[in-house]
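What follows is a short report on a single structure.
The values are calculated or read from the model by the stated rules, or taken from the named source; none is laboratory data. Because the structure is predicted, anything quoted here is derived from the model rather than measured. A quick note on method: Cβ atoms are made from the backbone with ideal geometry, for glycine too, and the neighbour counts reach across all protein chains shown. To get the accessible areas, we keep the full protein, side chains included, count just its heavy atoms, and leave off ligands, DNA and RNA. Shrake-Rupley method; radii C 1.70, N 1.55, O 1.52, S 1.80 Å.
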Amino acid sequence: MKRKLITVLGLVAAAIFAGAGTSQAADVVVYTTTGGGRAGWTENGDTLTVCDISSDGYGVRGYVYTPYSDAPQNGTVLIKGNDPSNDGNCAAFPGDLSESIHISLKVCEYAGDVVTYCDYVKIR
């Protein structure tokens, strides 16, 4: 009986440790409020991808940033990149960010100095 109990406890402990492996990658996509562009974050490889998907006269700008606690839609920019035209290609911007910091992803449309139609999402 003791041996059976020890075996069962050992299997339970092994299952708990097996389930506590490395964390899953957090790949995220966010679209501008008009749907004219998107930005994506690939966690495994730390890459920001920015895509202008509408021929509307606006380019698309993406940001990976550490959000301010009192204004999470803004923060300290860590990676920034533009896709200036809807030519069927997206632009990629690699980085090397610590896994221990909080980051968010933001995307906006822009024309000259005008930045508008932004949306954002928390990554981690």
Practice item. Six or more apart or on different chains, Cβ under 8 Å: which pairs go from a residue in the range 113-124 that's free of Cβ contacts under 8 Å to residues at least 24 places away in the same chain to one that's of a type in the set (A, V, I, L, M) and open to solvent by less than 60 Å² (accessible area, probe 1.4 Å)? Could you list them? Key: none
**Study point:** Residue under evaluation Asp52, criteria (1) in contact with a strand residue (DSSP E or B) (Cβ under 8 Å, 6 or more places away or on another chain); (2) without any contact (Cβ under 8 Å) to a residue 60 or more places away in the chain; (3) within 15 Å of Ile123 (Cβ to Cβ), criterion not met
**Key:** (3)
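Across the range 22-54, what is the total count of residues that are of a type in the set (Gly, Ala, Ser) and at pLDDT below 95?
The total comes to 3.
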Check your understanding: Any idea which residue in the range 57-71 is nearest to the chain's Cα centre (by Cα), counting only those that are of a type outside the set (A, V, I, L, M, F, W, C) and loosely packed, with under 15 Cβ neighbours inside 10 Å?
Key -> Thr66
Practice item. Among the residues of the range 24-56, count how many are surrounded by fewer than 18 Cβ atoms within 10 Å (Cβ to Cβ) and not in a strand (DSSP E or B). Key: 14
Study note, to complete from the structure: Residues of the range 86-123 being out of contact with any Phe, Trp or Tyr (no Cβ under 6 Å at 6 or more places or on another chain), modelled with pLDDT of 95 or more, in a loop (DSSP other than H, G, I, E, B) and open to solvent by less than 80 Å² (accessible area, probe 1.4 Å), in sequence order, are Asn86, Cys90, Gly95, Leu97, Ser98, Ile101, Ile103, Gly112
